[in-house]
Amino acid sequence: MEILGVISVPGWLLTILLLILTFCLYSKWKHSMWKRLGVPGPEPTPFLGILKEYFKKGTCNAELELVRKYGNVVGVYQGHIPSLLVADPEMLKVIFVKEFSNFPNRFIPVKPTERMLAGVALAQGTHWKFLRSTLSPTFTVGKLKLMVQKIDKCCQALVDNIRSQRGDKHPVDMKELCGAFTMDVIASTAFGIEVNSQREPNNRFVYYGKKAAVGQLATSFAVFIMMFPFLKNVIGAILLKGRVGKDVIEFFDTALRSAIDLRKEGKEFVDVSIPTKNVIGAILLKGRVGKDVIEFFDTALRSAIDLRKEGKEQYQDFLQLMINARHKDDHQENQSSGDMQSYKNRGLNEMELKSNAMTFFLAGYDTTANTLSFACHALATNSDVQKKLIEEIDTVLCGEKPQYEDISKLQYLERFVNEVLRLYGAAIRFNRECQRDIKIKDTFIPKGTDISVPSFALHRNPDYWPDPEKFDPERFTDENIAKRPEYSFIPFGIGPRICIGMRLALLEAKMALVYMLQNFSFTTCDKTEIPVTFEKGFILKAQNGIVLNVNPRKDTR
Ligand code: HEM
């Protein structure tokens with residue numbers, strides 16, 4: 001083809017050039033939205049928007065810089081998807097509480113699968129309302145009290161494990177140990193399965209839990225879809241369905257299916273061989289899960305069954321509570337959409353049960369584990385705080401094991417944990433999708449916008465937290481709390497969609513801290529990183545572990 005009768009260009013090359021030009025214009029137009037709306041923000045990198053910064057500096061540091069530079073409301077682009085970062089407490093109240101009906105759902109950058117939408121964390125509209133109201137009773141104080149015995153056992157194992165790991169005064173990686181501890185807690189409180197992941201760091205639950213941990217969505221596929229969101233519905237689901245965590249999902253599904261089957265008929269618990277054989281047969285036939293997984297699962301299952309045979313297990317776990325919430329009306333088993341009335345007479349269907357059990361497992365493991373390991377780091381690097389905490393624990397408990405009621409008496413512990421959550425809250429970002437155009441505090445937010453909360457940056461804003469990097473539990477005295485705006489401290493989110501597992505997380509973290517401090521104190525060693533380097537994902541983690549000296553308390557058992 002000739003251009004202006006001068007240059008001869010092959011047709012295919014011209015097509016490519018035109019395509020590139022079209023994409024560049026598309027990118028430029030997409031990246032002009034916040035400027036047109038008068039919202040401050042950084043100049044986006046073509047096609048990638050802010051993603052390059054996130055990958056280079058990590059989500060938490062990138063957002064901290066953005067909020068410090070542009071203020072509490074910042075317009076950015078994840079690829080070509082417009083995101084409004086909101087770290088203004090007043091605006092957060094409007095979006096997450098007052099105008100919740102306009103922001104009821106999470107923003108999901110990829111096309112969600114049916115399974116993703118069946119879990120309470122990603123469910124939408126009335127379906128979310130139904131799931132949330134069905135699952136919330138699972139986390140009441142009364143139900144949590146029933147879990148205390150299980151948590152207690154895991155705490156004892158944690159202490160034993162620290163003791164054996166430190167051996168002859170070797171430093172201990174508390175990140176690994178805390179991960180194994182919360183894995184034990186969630187396995188027993190969610191599924192009634194006792195896995196000794198603390199003594200077996202290569203345990204399959206730990207392996208699959210880690211593999212499936214939040215942050216998986218930051219795959220190249222997700223980035224690709226963020227760059228070209230118009231392709232979301234065409235290829236998003238296919239790519240994600242095919243590639244992300246298939247073996248992980250399969251593992252959890254099989255484990256759960258058999259656990260449910262076992263419970264359906266009380267008498268089957270007595271016969272170990274039949275159900276176990278069936279499960280393994282099914283896995284082998286499918287040929288998808290490795291031999292090691294089968295062996296692990298067989299062992300875990302066997303121990304769960306053995307416990308039931310010995311009558312030790314009373315099914316006081318989330319799985320049982322969820323099973324109790326289903327089969328109220330079997331013929332509506334497959335219903336998963338419609339108005340609230342259509343959910344009225346049914347419990348959880350199979351897909352919802354599976355998806356939520358896995359959600360609890362994944363949401364409850366990594367978040368709590370990292371919070372706890374940062375707490376140990378804070379103790380080691382703030383000896384005065386540690387001393388005060390030990391004094392309180394000794395005075396209130398007099399060396400006895402903590403009971404549920406004791407935990408609320410430990411006021412300094414409450415302040416300490418809050419300060420840990422302020423500086424090291426695991427969920428550094430959570431979001432909502434704007435359903436209809438709306439103007440809030442002079443900012444126009446178009447329908448479909450992702451509203452993301454950079455909580456790491458909010459929790460380090462010097463306007464609310466003077467000398468923000470300083471670790472100081474006294475920030476959480478009643479007097480000091482009253483001086484700050486509501487919603488300036490939101491480690492578990494805000495409003496009707498606040499973290500459903502908050503009480504469990506706080507209970508297990510506090511119990512573990514009490515157990516540890518009744519037996520040990522923490523100090524730094526030459527391998528302790530100060531300050532800690534964070535990983536770059538959406539969950540706050542110490543990149544190089546939390547390595548500390550753990551010293552037995554001379555005055556303890
Ligand atoms: C220290 C530990 C934890 C932290 C910091 C944390 C933080 C959060 C945050 C920030 C959210 C988003 C809330 C919002 O959008 O407003 C959330 C949601 C959620 N969390 Fe947690 N979480 C923790 C532990 C747990 C545990 C132990 C469980 C379950 C056993 C859990 C289950 C969930 C679920 C299911 C949701 C989605 C709720 C919904 O959409 O209705 N989390 N969490």
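Under the condition of being within 16 Å of the ligand (Cβ to nearest atom) and without any contact (Cβ under 8 Å) to a residue 40 or more places away in the chain, the residues counted in region 378-436 number 0. Scanning region 1-55 for residues that are open to solvent by 80 Å² or more (accessible area, probe 1.4 Å) and in contact with a Ser or Thr (Cβ under 8 Å, 6 or more places away or on another chain), which turns out modelled with the lowest pLDDT? The selected residue is Met1.
Note on region 75-109: among residues that are open to solvent by 30 Å² or more (accessible area, probe 1.4 Å) and among the β-branched types (Val, Ile, Thr), the one that is nearest to the ligand (Cβ to nearest atom) is Val97. Among the residues of region 436-473 satisfying the criterion of being among the acidic types (Asp, Glu) and under 27 Å from the mean Cα position of the chain (by Cα), which is nearest to Pro104 (Cα to Cα)? Out of the qualifying residues, it is Asp450. The residue that is most open to solvent (accessible area, probe 1.4 Å), counting only those in region 110-149 that are assigned to a loop (DSSP other than H, G, I, E, B) and within 11 Å of the ligand (Cβ to nearest atom), is Gln124.
Suppose the filter is over 25 Å from the mean Cα position of the chain (by Cα), more than 16 Å from the ligand (Cβ to nearest atom), within 18 Å of Pro137 (Cα to Cα) and at pLDDT 70 or above; does Arg326 pass it? No: the conditions fail for Arg326. For region 56-74, residues that are under 20 Å from Met33 (Cα atoms) and either touching an Asp or Glu at 6+ places or on another chain (Cβ under 7 Å) or open to solvent by 20 Å² or more (accessible area, probe 1.4 Å) (or both) total 5. Residues considered: Glu535, Glu508. Of these, the only one that is within 14 Å of the ligand (Cβ to nearest atom) and either within 30 Å of Ala123 (Cβ to Cβ) or open to solvent by 30 Å² or more (accessible area, probe 1.4 Å) (or both) is Glu508.
The values are calculated or read from the model by the stated rules, or taken from the named source; none is laboratory data. Since the model is a prediction, treat every value here as computed from it, not as a measurement. When we count neighbours, we look across all protein chains shown, and the Cβ atoms used for this are built from the backbone with ideal geometry, even at glycine. What goes into the accessible areas is simple: the full protein's heavy atoms, side chains included, and nothing from ligands, DNA or RNA. Shrake-Rupley method; radii C 1.70, N 1.55, O 1.52, S 1.80 Å.
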